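Comments concern the structure below.
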Amino acid sequence: MSLAEVRDDSATAESPAAPRALIVSLFGLYARDLGGWLSVATIVRLMGDLGVDEQATRSAIFRLKKRAWLDAEKDGRTAGYRASSEALEILAEGDDRIYGRRRADADEGWLLVVFSVPESERDKRHQLRSTLTRLGLGTIGPGTWVAPAHLDGAVLGALDRAGLRGFTDVFRATHLSASTPRETIASWWDLDALETTYADYLRRFEAVAARWEDADLAEAGSDDARAFADYVPAVTAWRRLPYLDPGLPLQALPADWIGVRAEELFERFRAVLAEPAARHVRAVVRD
């Protein structure tokens, strides 16, 4: 299962996440810190806390196993699953993009990806376009894609993993056009659609974060299950946004860019809910 497929399972900000996306979040957020393995019973219990029934959970597990994202493994007589080696690579890459996210500076330059695919392998053309789009690259023209320069490692790694590196040439570049950075960015990325997606995330989760921040933290700390139920969907919905907006420079974006508010909201969730949510998971694993 590719990085792109993992992200495509994430919720839109307005809709609940698919069960498969929530399971990916469980392994990304918690399983790696707990030895990498979760029993089926634990997955079912945690998904139940997220409002997903057992049948839907088992169906999602089956699909993740079929896509080689989860490996079945027993601990004694207890059935469970471990993220595959490919999945662990994907999760590590996601950590960098989601938690190590940074904004580019307008002066640091760009990464250009130019591809040429022979007609005999035209199926690779679609795969390349899909991969680059889902990594968050903008389009300059047919066969020419662009990203902030600091994403070179992530882009090259994804191309290597997909077996597509041989169809591409990758360059670092400086933009010398007479057009302003804001005009240029707007021609490479659909900023209106991106702004709408950020606004949807804020609309869905801002009140949730505020409710926890206004609560008595001592009292709220006793309700770890509720913290878990609020935190995991927020992370799952956020997961796609650092790819749709790959750290575009603020100097080239509209004033008071809404993405900054959304980033701040995500960090507020982490600050308030990450620990009680993790505490709930540890308690369920111990049961």
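Residues being of a type in the set (S, T, N, Q) and at pLDDT below 95: count how many of those fall in the range 216-250.
Within the range 216-250, the subset of a type in the set (S, T, N, Q) is 222, 236.
Filter once more, so that each one left must be at pLDDT below 95: 222.
Qualifying residue count for the region: 1.
What single numbered condition from (1) within 28 Å of R203 (Cα to Cα); (2) part of a loop (DSSP other than H, G, I, E, B) fails to hold for L22? Only one criterion in (1) within 28 Å of R203 (Cα to Cα); (2) part of a loop (DSSP other than H, G, I, E, B) is unmet by L22, namely (2). Restricted to the range 45-82, and to residues there that are among the small types (G, A, S) and more than 19 Å from V281 (Cβ to Cβ), the residue that is surrounded by the most Cβ atoms within 10 Å (Cβ to Cβ) is A56. If only residues of the range 126-143 that are of a type outside the set (S, T, N, Q) and in contact (Cβ under 8 Å) with a residue 24 or more places away in the chain are counted, the one that is surrounded by the fewest Cβ atoms within 10 Å (Cβ to Cβ) is G143.
When residues in the range 50-90 are screened for being touching a strand residue (DSSP E or B) at 6+ places or on another chain (Cβ under 6 Å) and modelled with pLDDT under 90, 0 of them pass. List every residue pair whose Cβ atoms lie under 8 Å apart, where the two residues are 6 or more positions apart in sequence or sit on different chains, the first residue falls within the range 260-279 and is free of Cβ contacts under 8 Å to residues at least 24 places away in the same chain, and the second residue, located anywhere, is of a type outside the set (K, R). From residues that are free of Cβ contacts under 8 Å to residues at least 24 places away in the same chain, the pairs are V260/L250. If you check D224, D287, D256, which single one turns out to be at positive phi and among the charged types (D, E, K, R)? The match here is D256.
Against the condition touching a residue at least 24 places away in the same chain (Cβ under 8 Å), among the hydroxyl-bearing types (S, T, Y) and either more than 25 Å from E108 (Cβ to Cβ) or not in a helix (DSSP H, G or I) (or both), how does Y201 come out, does it pass?
Values: touching a residue at least 24 places away in the same chain (Cβ under 8 Å): yes; among the hydroxyl-bearing types (S, T, Y): yes; either more than 25 Å from E108 (Cβ to Cβ) or not in a helix (DSSP H, G or I) (or both): yes.
Against the criterion (touching a residue at least 24 places away in the same chain (Cβ under 8 Å), among the hydroxyl-bearing types (S, T, Y) and either more than 25 Å from E108 (Cβ to Cβ) or not in a helix (DSSP H, G or I) (or both)), Y201 qualifies.
Examine the range 91-106 for a residue that is over 23 Å from the mean Cα position of the chain (by Cα) and modelled with pLDDT under 95, and state whether such a residue exists. Yes: the range 91-106 contains one or more residues that are over 23 Å from the mean Cα position of the chain (by Cα) and modelled with pLDDT under 95.
The values are calculated or read from the model by the stated rules, or taken from the named source; none is laboratory data. Owing to the predicted nature of the structure, the values given are computational and were not obtained by experimental measurement. Cβ atoms come from the backbone with ideal geometry, glycine included; neighbour counts cover every protein chain shown.
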